[in-house]
Amino acid sequence: MMRNPYLLTGCAALLMSMLWSTAALGQGEAAPEDQDMNTLRVGIPSDRDNPMVDAWINVQLGKLRTSLSNPILIPEGIKSFRASFDAQYNHANNTGDFKKKLAERIGAVFALEYAKGQQLEEVVGQAMARVVLDVRSLDAREAIFAGLTAADEVVRYLSAQTLIKLQPDISADNAATTEVLQKLQAAAPAAGNGVVAAQFYQAAALNGQIADAVAALVAIMDGRLALMRQGPAALDRGEVPAIAFFDQAEQAGKLTPELRVQVVQRLAPLLRMHTERYAQPNNSAEEGWAMEETILATESLLKKMTKPEKSPDITRELQSGGANSALNMQIELIQWIGSDQVSGVVNKAPWGVPAGAP
């Protein structure tokens, strides 16, 4: 069966945000509030100039908020908002110091906006996150990190996506790598649905500091597993990027024995929940594709990491497609995770997964 390349939840809101990304970004006409910026852009702004830059940013926010009064004006308001920042940040006369200052103040002002939580208008929050993605600078880190825990899942998605786009810069700087992984680990409970979680996982997939990267990925996965235990809605393909990173690190010999145990202890319940749900009726085609992909990737990595003498094989039974396929998958699952009556592969030392992988 062909795998579905798309994630299952949050798609409508995210598609809206993607439409914004394709909007033409015009250079915007000069406005009165731009005059101060024209002076600053050719020099070396200092912290004394922060109020001036903040004032310009807040004028743009005010214009965007004015457009919210009329739904017809909102698309143009968003487009103009992004275009104004694009024109300022990419102006031909900018010094590097000005661009750095502008990105820093965007980060500081937008972070304060995100702190409003549910009181922040959805359109404004998402437009700000898109501007930060457009700017694509770690100098705007305050907004990027604040966006990871924003009330709006689209903002969380776009903030993690910004970190993904910045990975070459982050990976080249050990201090930045440490900071980003710490922020992602702290923000892990906000990962939420599979669409957002996949971005979080990819943002944390930094090879420079494997132990810290695994810690962040494990923290994100712990939050996701907690959601899955509450109900089937969280069962999607969100974990596939994390499994791919773990697999790559395992094959490269970069996982210590302690890290390998941590990974296996998360893969076991992930495999259980997806295998059990796969056996249930009324799964949609998309859900089936997502669960198949997760099951195949998870079991493949478990085989590589645990190297059992006789490996259980859920994948074989899944791909057989026979009348008893679902039942046979359950039998193979028990051989992995055990039960009250029998011990499974991952229940044994050094893995120490509780029977049944709760």
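The values are calculated or read from the model by the stated rules, or taken from the named source; none is laboratory data. The shown structure was predicted, so the numbers you read here are calculated from the model rather than taken from an experiment. Quick reminder, even Gly has a Cβ in these numbers, built from the backbone with ideal geometry, and neighbours come from all protein chains shown.
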Give region 105-134 a look and list any residue that's in contact with a Gly (Cβ under 9 Å, 6 or more places away or on another chain), part of a helix (DSSP H, G or I) and either β-branched (Val, Ile, Thr) or surrounded by fewer than 18 Cβ atoms within 10 Å (Cβ to Cβ) (or both), or say none. 123, 132
A careful count of residues in region 319-358 that are of a type in the set (A, V, I, L, M), at pLDDT 95 or above and part of a helix (DSSP H, G or I) gives 7
Every listed condition ((1) of a type outside the set (Phe, Trp, Tyr); (2) modelled with pLDDT of 95 or more; (3) surrounded by 22 or more Cβ atoms within 10 Å (Cβ to Cβ); (4) under 12 Å from the mean Cα position of the chain (by Cα)) holds for residue 164 save (3)
Quick check on residue 266: is it in a helix (DSSP H, G or I), at pLDDT 95 or above and among the charged types (D, E, K, R)? yes
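May I ask you to say which residue of 258, 287, 309 is at pLDDT below 95, charged (D, E, K, R) and surrounded by fewer than 19 Cβ atoms within 10 Å (Cβ to Cβ)? First the steps, then the outcome.
Details: 258 fails: at pLDDT below 95; 287 fails: surrounded by fewer than 19 Cβ atoms within 10 Å (Cβ to Cβ).
Of the residues listed, the single one that is at pLDDT below 95, charged (D, E, K, R) and surrounded by fewer than 19 Cβ atoms within 10 Å (Cβ to Cβ) is 309.
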Name the residues in region 277-287 that are within 15 Å of residue 314 (Cα to Cα) and not basic (Lys, Arg), would you? 278, 279
